[in-house]
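Asker: This is the structure I have questions about; it appears just below.
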Amino acid sequence: MDILFTPWRLSYLTGEGTKPEGCLFCGLPALADADALIVHRGALVYALLNRYPYSNGHLMLTPYAHRATLAAMTQDERRELFDLAATAEEILAADLRPHGFNMGLNLGKSAGAGVPGHAHLHVVPRWEADTNFMTVVGGTRTVPEELGGTRDRLARAFAARAPRPEGTA
Ligand SMILES: [Zn+2]
């Protein structure tokens, strides 16, 4: 893999900031939003920026509960997951003006899941000139914007637009 200037990655690898024990997606909600790169906390599902993104604005949506597959989720979790995917699509479209999106779940290690055992939906903005979703793995990743600034902006957009969990409005 080509090495690009990625200051956020350096701080991650040198151990600054906390890395939760055990399952990543079970542990991250215990951290502050800015440390975990969380942009939205729903009733059953939360959204965060991928620390190793395929493109700028690469989000992951996942239930708080440890669910290995879509089938293992409750219907309410699935409903909130896909409602949130639609909200993420709108927010990223308005904020980053991508030409398209890849959305998908990698279920199981052989499917390429980075965190097998805790299903998460990738929402990846795409631009016509950027690299292919599949071939980008193992190749050069160019992420022009620092993650912290993107997180702050997207979190504000989610706070303004995402439907509130019932009873918390
Ligand atoms: Zn988990």
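The values are calculated or read from the model by the stated rules, or taken from the named source; none is laboratory data. Being a predicted model, the structure only gives us computed values, none of them experimental. We work out accessible area using only protein heavy atoms, side chains counted, and drop any ligands, DNA or RNA first. Shrake-Rupley method; radii C 1.70, N 1.55, O 1.52, S 1.80 Å.
Asker: What is the extension gain from Asp35 to Arg79, computed as 0.36 nm multiplied by their sequence separation minus the C-alpha to C-alpha distance, in nm to one decimal? Intermediate results must be reported in sequence, preceding the final value.
Answerer: Working: separation 44, 0.36 × 44 = 15.84 nm, distance 2.71 nm.
Full-extension gain reported as 13.1 nm.
Asker: In terms of modelled amide H atoms, which long-range or inter-chain residues lie less than 5 Å from the amide H of Tyr46?
Answerer: Thr62, Tyr64
Asker: Right, something else. Just the number, please: carbon plus sulfur as a percent of the accessible area of segment 18-73, 1.4 Å probe, no ligands or DNA/RNA counted. If you can, show how the numbers build up before the last one.
Answerer: Numbers: 1230 of 2190 Å².
C and S atoms contribute 56 percent here.
Asker: In Å², what does the accessible area per residue of segment 38-88 work out to with a 1.4 Å probe? Please report the intermediate quantities before stating the final value.
Answerer: Details: 1890 Å² over 51 residues.
Accessible surface, normalised per residue, equals 37 Å².
Asker: Residue by residue through segment 23-31, which ³J(HN,Hα) values in whole Hz follow from phi under the Karplus form 6.51 cos²θ - 1.76 cosθ + 1.60 (θ = phi - 60°), with glycine and proline marked x?
Answerer: 5, 4, 6, 6, x, 4, x, 6, 7
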